[in-house]
Ligand SMILES: [Zn+2]
C-alpha cells in the first residue's frame, strides 16, 4: 500500500482532497514536544473556485495570504497539520473571499473533523476539558462551538412543522440577563433562542415563524406578562396553556415564603431551637411527597402538631400538584375547593397565589385538558441549567445560545468517522 493511500485512510480525507506531500517532524530539541505530521494538500481541480462563505462558483481573485495551516485530528502520539494554498475568489455576493476547502469550515484554523471532535467533547463534558484534551485554548474551543452551531442551524429549519410549543425564559448571567427559549412539545427539542425577555423578543420569534404561526395549536408558557399578549396577537387560534412546572414552582415558592416567615417569627420570639428546625426543613418541604423517605415523611407528619401554619402550606402545595393529574371535570371541582381553601388559609403567600391562579385559570384548565406534559419544559430547564453550570456562567449570550442549540436541538456533530 502506498504511503499516500495509508495517509488518506488514517486522516479520513475525502476524495476532493489531493495529498501533495508529507513530512514527519519529530519534535526533537523541544523537551516533551510531540512529533508532528505535516501533510500538504490541495483541492481537486474540479472542486476549486468556490466561495468559502456560500459555496457559489466564483472567479479567481488573488493568492490571498499564501499558504495556510489547519490543525487536524491527532495521529496516535503525533499531532497533525494540513497545509495548503489559500487563494481568494471574487464572490458575486461576498466579494474577495478565501476559497472553500473540503477539509475545513470557512475562517477556521482547524479542520472540520478536528473541530467536530472538540465540539463533541465540549458538549459531553465541558469546553475547558475539551480545550485541555486537544491542547487548544478555551477561546478556540468556544469559537468552534459557535461556528459548528451556526453552520448546523443554517442547514436545518427547526421552525418547520411546529404544532405545540413552550416559551420560557432562562437566566444566563447574574443580574437581569435572560434569554427567551422556545421548545417543541412533541420532540422536546429547543427550536429557537434569543437574547432578552420582552414582548419584542417574542415578536421576533413570531417574525421568524412567519405564516407557520397559523399551524400552532398550543402555546405553553409561564405566567409572564410579556408572553401572553404577543401570543394572543400573533397566534390567535392557539390555545394558551400554563406550564404545570411553573404553577408548581409558584406553590413551592409560596411554601418557602411561609417557612421563612415562621422562622423569623420563632427567632424573634426567642424559640431558637424551633427556629433552627424550621430552617432545616427547607428542602424537605419543597420535595415531592413520593420522593421522600419514610423518616422524612415522619418529619412532615410531625409538623402537623409542631407548626400548623407550615403544615397547611405544605398541604396546599401537595394538593395543587395532585390536581394536575386529575381528569378535567374533577380537576375543575378540586381547583374550586383549593382556591377557597387557599384564600381562607390566612397564609399571605397562598392568598396571593390563589389570586394569580384565578387570573390564569383558563390557561391552567387548558393545560389539564390537553395534557401538555411539563416534562419537556422541565428537562430542558434542567439541562440548560447544567450547561450554564458547566460553563460557570456565560458572559456572551451568543455562546450560551450556541451551546443550548447544540445540546437541546439535536445539533451535536457526529463523530468524524461516522459516515
Ligand atoms: Zn459567497
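We did not get these values from a lab; they are worked out from the coordinates using the rules stated. The structure presented is a predicted model; accordingly, all values stated were derived computationally and were not measured. Glycine also receives a Cβ, built like all others from the backbone with ideal geometry; neighbour counts cover every protein chain displayed.
The residue 62 and residue 386 beta-carbon pair, evaluated with R₀ = 45 Å, returns a calculated FRET efficiency of approximately 0.40.
Two decimals, Cα atoms only, Kirkwood Rh: what is Rg/Rh over the stretch 344-419? If you can, show how the numbers build up before the last one.
Details: Rg = 19.4 Å, Rh = 16.2 Å.
Over the Cα atoms of the stretch 344-419, Rg/Rh equals 1.20.
Treating each Cα of the stretch 1-109 as one equal point scatterer and applying the Debye formula with no solvent, the log10 of I(q)/I(0) at q = 0.16, 0.20, 0.23, 0.24 Å⁻¹ comes out as -0.74, -1.01, -1.22, -1.28.
Note on residue 176 and residue 284: the extension gain reaches 36.0 nm, defined as 0.36 nm multiplied by sequence separation minus the Cα-Cα distance. Structural size metrics of the stretch 227-329, computed from C-alpha coordinates, are Rg and Dmax of 17.7, 58 Å.
Here the contact order of the stretch 121-271, divided by its residue count and restricted to Cα pairs under 8 Å and six or more residues apart, works out to 15 percent. Expected output is a single nm value to one decimal: the length gained when fully extending between residue 328 and residue 369, i.e. 0.36 nm times separation in residues minus the C-alpha distance. What is it? Gain on stretching residue 328 to residue 369: 14.2 nm.
As a length-normalised measure over Cα pairs under 8 Å and 6 or more apart, the relative contact order of the stretch 244-370 settles at 30 percent.
Considering only Cα atoms, the convex hull volume of the stretch 378-419 works out to 85 Å³ per residue.
Between residue 45 and residue 24, the FRET efficiency from the beta-carbon distance, with R0 = 22 Å, is close to 0.20.
Once the gyration tensor of the Cα atoms in the stretch 153-303 is diagonalised, the equivalent ellipsoid follows with semi-axes of 41, 17, 14 Å, ordered largest first. With contacts taken as Cα pairs under 8 Å at a separation of at least 6 residues, the stretch 1-109 carries a relative contact order of 26 percent. The Cα center of the stretch 177-217 and the Cα center of the stretch 147-163 differ in position by 13 Å.
Modelled spin-label separation between residue 107 and residue 233, with each label point placed 7 Å from Cα along the Cα-to-Cβ direction: 3.4 nm.
If you take the Cα Rg of the chain and divide it by 2.2 N^0.38 Å, with N the number of residues, what do you get?
On the way: Rg = 28.5 Å, N = 419, 2.2 N^0.38 = 21.8 Å.
Against the empirical 2.2 N^0.38 Å value, I get 1.31 for the chain.
So, R0 is 35 Å and r is the distance between the beta-carbons of residue 14 and residue 207; what FRET efficiency does that work out to, to 0.05? Don't jump to the answer; show the numbers that get you there.
Numbers: r = 38 Å, r/R0 = 1.09.
FRET efficiency, residue 14 to residue 207: 0.40.
Any chance you could run the full-extension gain for residue 355 through residue 224? It's 0.36 nm times the residue separation minus the Cα-Cα distance, nm to one decimal.
On the way: separation 131, 0.36 × 131 = 47.16 nm, distance 1.50 nm.
Full-extension gain reported as 45.7 nm.
Based on DSSP H segments of at least four residues, each scored -39500 (n - 2.57), the chain has a per-residue ellipticity at 222 nm of -15000 deg cm²/dmol.
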